[in-house]
Amino acid sequence: MLSLLLLLLLLPPQDCAEPLGLAQLPRLAPLQSPDLLYADGLRAYAAGAWERAVALLREALRSRAEVGRARRDCGAWCAAEPGNELPPVPSSDPGSDFSPGPWERLLLRAALRRAECVSQCAVRRLGPRGAAGHRAVRALRDAFRRREPYNYLQRAYYQLKKLDLAVAAAHTFYVANPKHIQIREDMVKYHRMSGVQRQSFRDLENLPHWAAYDEGLELLKRQEVAEALPLLEEALRESLAQMESCRAECEGPEEQLTEEEEEKAEEEEVQPESQSGLYEAIAGHWIRVLQCRQRCPGAVATRPGQDSPVPDFLPSQLWRLQEAHAQMGNLSQAMENALSIQLFYPEDEAVKEVLDKHQKLLGEQSADLSAREDIRHFVLQSVGEKKLLYYAMEHLGTSFKDPDPWTPEDLIPEGLRKKLREDQEKRPWDSRPPEPESLAKWRDIHFLEGVTLTQDAAQLNGSERAVLDGLLSPAECEILLQLAKDAAKTGDGYRSRRSPHTPHEHFEGLTVLRAAQLAHSGAVGRRGAKLLLEASERARTLTQAYFSPEGPLHLSFTHLVCRSAIDGEQEQRMDLSHPVHADNCLLDPYSGECWKEPPAYTHRDYSGLLYLNDDFQGGDLFFTEPDALTVTAQVRPQCGRLVAFSSGGENPHGVWAVTKGRRCTLALWHTRAPEHMEQDRAEAEILLQEQEEPEEGEIPSGDSSPEPPSALGRRPQPTRLEVERQRPAREEL
């Protein structure tokens with residue numbers, strides 16, 4: 001009963017509209033652990049208790065933020081408290097008062113005092129159990145980093161008919177997860193809903209440094225320098241403050257290593273702390289703290305949802321500041337920022353030229369100017385930590401990957417410089433894949449010269465996947481594209497529906513039999529119809545050689561398909577050209593299972609996509625985990641490129657939206673079962689070989705393409721004959 005009353009206290013009054021953003025919640029005393037609140041919130045969500053779920057998830061977010069603030073504030077306050085400062089490093093001077101024994105006692109006493117101070121501060125801020133009662137496991141930290149609570153919040157708010165907050169929560173999750181398929185579809189729906197205001201699409205977790213940074217850059221683009229300057233200064237201050245918060249997080253409690261990390265430690269012969277002595281354990285923990293701190297500038301410079309940081313984030317901000325101050329006539333401030341850049345890059349010619357220019361204009365005043373104190377503190381702090389890490393690397397055998405391009409070379413011990421240079425020479429400096437290996441070197445297919453293996457399963461982050469290039473020449477691609485233009489039928493395989501997968505694209509298709517029929521009647525050129533058969537046979541032969549050399553593969557269905565973006569329908573579009581699916585089973589993203597049962601085409605063993613063009617926007621093929629959400633690999637179409645993969649649940653795939661132009665592909669499915677061979681193919685070959693017109697009635701009428709799978713799923717179970725004659729052109733990518 002008490003817990004229920006506490007939950008009710010968290011809910012806003014029914015007659016009180018919640019303001020924009022997440023309203024301030026009343027604080028519980030003591031603060032509850034964020035992991036317990038989050039778990040209870042998910043239970044309430046699963047039970048459909050939407051108000052409880054909202055209250056608990058919001059309190060979990062607030063609790064986590066408060067724990068982070070408490071750790072940062074307590075660390076800073078205790079470091080500045082008299083008597084808690086660490087003793088100076090003992091001098092090597094023989095007259096020094098420090099000897100190893102007394103200095104060691106001073107160090108340990110200071111560490112104990114600091115620990116006592118931090119612990120008491122945490123108790124005052126977080127409750128009787130202090131920080132120990134609010135430790136979050138790694139999985140929870142990752143969930144909050146990915147902003148997962150907001151995904152649940154948006155759905156709960158939607159059920160509560162609080163559309164403004166639902167949209168805000170959805171947008172907040174989307175910003176950090178732009179490739180999350182379900183949230184993309186949700187965002188499309190929100191954009192289409194009447195009553196949703198533009199201002200509802202706001203990031204509730206937008207960090208202050210990014211907000212000021214983006215607004216400042218926008219003003220600079222409009223040449224509004226005076227208005228931009230305060231925002232650029234704010235962005236720099238907030239960036240440094242965010243780094244301090246990140247550094248404070250590095251001093252949090254240590255966690256158990258994951259299995260993968262333990263295996264890596266074993267490979268590197270790193271001794272666990274539980275098996276280390278006192279000093280080794282202290283050094284090991286301190287090294288990990290320093291390594292974590294060194295990653296903070298990169299973390300702060302990485303936008304939510306992005307994989308890599310903005311290059312030279314702090315120096316680039318300083319450069320814009322010096323330019324803006326110079327334009328406004330603030331030469332002293334411009335020079336201070338230029339001098340600050342020089343702390344990172346002392347030999348940079350552009351900075352030297354700017355400094356010379358400012359010195360001439362300022363005259364004697366320039367002698368009294370120096371770099372910004374906040375930047376000087378950051379650089380000295382970072383350089384000091386790098387020295388310790390390189391020392392540990394040289395003498396203790398630890399590893400350290402320096403994230404900063406500005407680290408002075410003379411900071412690196414001489415003994416390590418050669419090794420680091422050798423490692424850098426071995427390391428690829430760009431993301432280009434290795435030179436593709438000629439297929440003739442590993443498969444006896446001499447008639448396919450020029451075909452190369454571009455990416456294998458490992459490079460595509462999966463199993464039984466491959467990308468091969470060179471199956472078609474540009475001239476052959478043009479012939480097939482012209483054939484599609486002349487003969488492809490709207491909605492082929494989907495009851496002539498123009499847009500079976502998305503209302504933003506037109507879908508057209510052509511089967512081998514229909515192409516042969518049209519060529520036989522003179523409606524299209526025979527050359528294109530024959531090439532359609534030849535190209536699909538090349539892909540089949542290649543797929544068999546790569547994946548199934550021990551037994552034959554037969555083509556079970558061949559479909560030339562094109563998807564065209566509809567003009568005027570692409571603004572704010574966020575759906576997919578083709579939803580995620582598997583080709584021979586029914587994918588269940590929630591369980592991660594893929595059920596091999598009708599209406600799935602369970603006889604399919606391998607799939608192939610032979611692309612004909614790349615002059616369109618969007619339309620990349622992508623693979624996901626079985627959850628149909630986590631993208632594992634992406635492939636850009638181009639003329640003559642074949643993507644081949646096994647058809648089962650190990651290879652869920654989809655297509656990003658085609659937002660401009662027309663994307664054409666030869667979609668192929670292969671089977672090991674002879675009884676599921678493509679019967680229309682033999683008839684098409686006969687038609688193309690005949691020299692004379694057949695007698696009336698010999699040409700089969702109509703299209704062999706069937707109806708969409710959704711229609712099949714609603715009807716009674718068809719017989720095998722019906723299935724074979726009504727198979728849809730399903731999952732043509």
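The values are calculated or read from the model by the stated rules, or taken from the named source; none is laboratory data. Keep in mind that what you see is a predicted model, and the values were worked out from it rather than measured. Using ideal geometry, Cβ is built from the backbone for each residue, glycine included, and neighbour counts are taken over all protein chains shown. Side chains included, ligands, DNA and RNA excluded: accessible areas come from the protein's heavy atoms. Shrake-Rupley method; radii C 1.70, N 1.55, O 1.52, S 1.80 Å.
Exposure check, 1.4 Å probe, all protein chains in place: Ser308 carries approximately 80 Å² of accessible surface.
Anything over 31 Å Cα to Cα? Flag those among Lys221/Lys386; Lys352/Lys387; Lys352/Lys386; Lys357/Lys419, in the order listed.
On the way: Lys221/Lys386 37 Å; Lys352/Lys387 27 Å; Lys352/Lys386 26 Å; Lys357/Lys419 40 Å.
The pairs that break the limit, which is 31 Å between Cα atoms, are Lys221/Lys386; Lys357/Lys419.
Take Met328: with every protein chain present and a 1.4 Å probe, its accessible area is about 90 Å². In segment 456-566, Cα pairs under 8 Å separated by at least six residues give a relative contact order of 28 percent.
Between Glu394 and Glu353, the C-beta separation translates, for a Förster distance of 30 Å, into a calculated FRET efficiency of about 0.20. Between Trp286 and Ala65, the FRET efficiency estimated from the beta carbon spacing at R0 = 35 angstrom works out to 0.80.
With the whole protein complex present, Glu59 retains an accessible surface near 0 Å², based on a 1.4 Å probe. Dipole orientation for segment 652-693: of the candidates Gly654, Gln679, Thr665, Gly654 has the Cα lying most toward the positive pole (charges on Cβ; Lys, Arg +1; Asp, Glu -1). Each of Thr490, Ala515, Ser548 was placed along the dipole of segment 471-598 (beta-carbon charges, centred on the mean Cα), and the one lying farthest toward the positive end is Ala515.
Note on segment 518-580: with charges restricted to the Cβ of Lys and Arg (+1) and Asp and Glu (-1), its dipole about the Cα centre is near 400 debye.
How much accessible area per residue does segment 113-248 have, in Å², with a 1.4 Å probe? Don't jump to the answer; show the numbers that get you there.
Numbers: 6770 Å² over 136 residues.
Heavy-atom SASA per residue in segment 113-248 reads 50 Å².
So how far, in whole Å, is the C-alpha centre of segment 296-332 from the one of segment 575-609? That distance is 46 Å.
Averaging over every viewing direction, what projected area does the convex hull of the Cα atoms of segment 452-606 cover, in nm²? Averaged projected area of segment 452-606's Cα convex hull equals 12.0 nm².
For segment 449-539, just run the numbers: alpha carbon Rg, then divide by 2.2 N^0.38 Å, N being how many residues it has.
Working: Rg = 16.1 Å, N = 91, 2.2 N^0.38 = 12.2 Å.
The value comes to 1.32.
Multiply the residue gap between Asp374 and Ser332 by 0.36 nm, knock off their C-alpha separation, and tell me the result in nm, one decimal place. It would help to have the intermediate numbers written out before the result.
On the way: separation 42, 0.36 × 42 = 15.12 nm, distance 1.64 nm.
Answer, rounded to one decimal: 13.5 nm.
Place a +1 charge on the Cβ of each Lys and Arg in segment 105-248 and a -1 charge on the Cβ of each Asp and Glu, then give the dipole magnitude about the Cα centre in debye, rounded to the nearest 20.
Working: 26 positive and 17 negative charges, 212 e Å.
Value, rounded to 20: 1020 debye.
Just order 156-163, 519-526 by mean Cβ neighbour count inside 10 Å, highest at the front, would you?
On the way: 156-163: 17.6, 519-526: 15.6.
Result, highest mean Cβ count within 10 Å first: 156-163, 519-526.
For segment 164-250, the dipole from Cβ point charges (+1 on Lys and Arg, -1 on Asp and Glu) about the Cα centre works out to 480 debye, to the nearest 20. Once you keep just the Cα pairs under 8 angstrom separated by 6 or more residues, what percentage relative contact order results for segment 195-250? With pairs under 8 Å counted, the relative contact order is 35 percent.
Kindly state, to the nearest 0.05, the FRET efficiency for Trp595 paired with Asp404, given R0 = 51 Å and r defined as their beta-carbon distance. Approximately 0.50, to the nearest 0.05.
Computed from the alpha carbon positions, the gyration tensor of segment 108-197 leads to an equivalent ellipsoid with semi-axes of 41, 15, 10 Å, biggest first. Residue by residue, segment 339-344 carries 3J(HN,Hα) couplings of 5, 5, 4, 5, 5, 7 Hz when phi is fed to the Karplus relation 6.51 cos²θ - 1.76 cosθ + 1.60 (θ = phi - 60°); x denotes Gly or Pro.
Rounded to the nearest Hz, the phi-derived 3J(HN,Hα) couplings of segment 396-401 under the Karplus curve 6.51 cos²θ - 1.76 cosθ + 1.60 (θ = phi - 60°) are 10, x, 7, 10, 7, 9, where x marks glycine and proline.
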